Every structure is written in C-alpha cells, then in structure tokens.
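Beneath this line is the structure, given in structure tokens, with notes to follow.
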Amino acid sequence: MADEERQHTPDPADHLAAVAALRRLADQLEDAAVEQAMRAGWSWPQVAEALGVTRQAVHKKHAKRLIAAGVTLRRRQ
C-alpha cells in the first residue's frame, strides 16, 4: 500500500470507538424514552412493542433503574 493510501485509510480503532460512543448514546436515549413512557402511564408491553423487544427484556433492562428513579410502575392486571 502506498504511503498516500495509508494516510487516507481510517484507523479501525477510530471506527470502533465511534461505534462504542453511538451505543452509549443509544442506551442513554432509550433510558430516557422508557422513563418518559413509564411516567406517562405506558405498560411494559406497550414499551416493549415500541422498542421491538419482549416485555420481559424491557422489564429486565429498565425496572430496577426506574424504581430507583422513583417511577411508579404499572402492575400486570
């Protein structure tokens, strides 16, 4: 590979760091959106459907954090 080509080839470490940063941002956005939805009275199945995951998955990921934040969670009826 010529020196000129190497200078323009992106460093894989930069790409991987960008992916990691985007994942952290996506997690933060998801946390905020789920909390907003639950405070607005959404059910776990509604949140799960909007995220394209199961109710169990969204509950497992967010319930403890929401409880710690003082969010009143709906119970299954």
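Side notes on the structure shown:
- Solvent-accessible surface of protein heavy atoms, probed at 1.4 angstrom with all chains present, puts L73, L16, L66 in the order L16, L73, L66, largest first.
- A full extension of the chain between Q28 and R55 corresponds to an added length of 7.8 nm, given 0.36 nm per residue minus the alpha carbon distance.
- Count Lys and Arg as plus one, Asp and Glu as minus one, and take only other residues whose Cβ is under 12 Å from that of R24; the net charge is then -2.
- Within the shell of other residues whose beta carbon sits under 14 angstrom from the beta carbon of V34, the net charge comes to +2, with Lys and Arg scored +1 and Asp and Glu -1.
- Shown for the chain: the carbon plus sulfur share of the solvent-accessible area, taken with all protein chains present and a 1.4 angstrom probe, equals 55%.
- For region 16-68, size of Cβ-based charge dipole, Lys and Arg +1, Asp and Glu -1, in debye: 200 debye
- Principal axis box of region 1-66, alpha-carbon based, largest edge first, Å: 59, 18, 17
- Normalised per residue, the accessible area of the chain is 81 Å², obtained with a 1.4 Å probe and no contribution from ligands, DNA or RNA.
- Computed lengthening from A17 to S43, 0.36 nm per intervening residue step minus Cα-Cα distance: 5.9 nm
- Positive-end ranking of T54, A33, A21 along the dipole of the chain, with charges on Cβ about the Cα centre, is headed by T54.
The values are calculated or read from the model by the stated rules, or taken from the named source; none is laboratory data. This one's a predicted model, so the numbers in the text were calculated from it and none came from an experiment. Every residue, glycine as well, gets a Cβ built from its backbone with ideal geometry; the counts of neighbours run over all protein chains shown. Remember, those area values only see protein heavy atoms, side chains included, never the ligands or the DNA or RNA. Shrake-Rupley method; radii C 1.70, N 1.55, O 1.52, S 1.80 Å.
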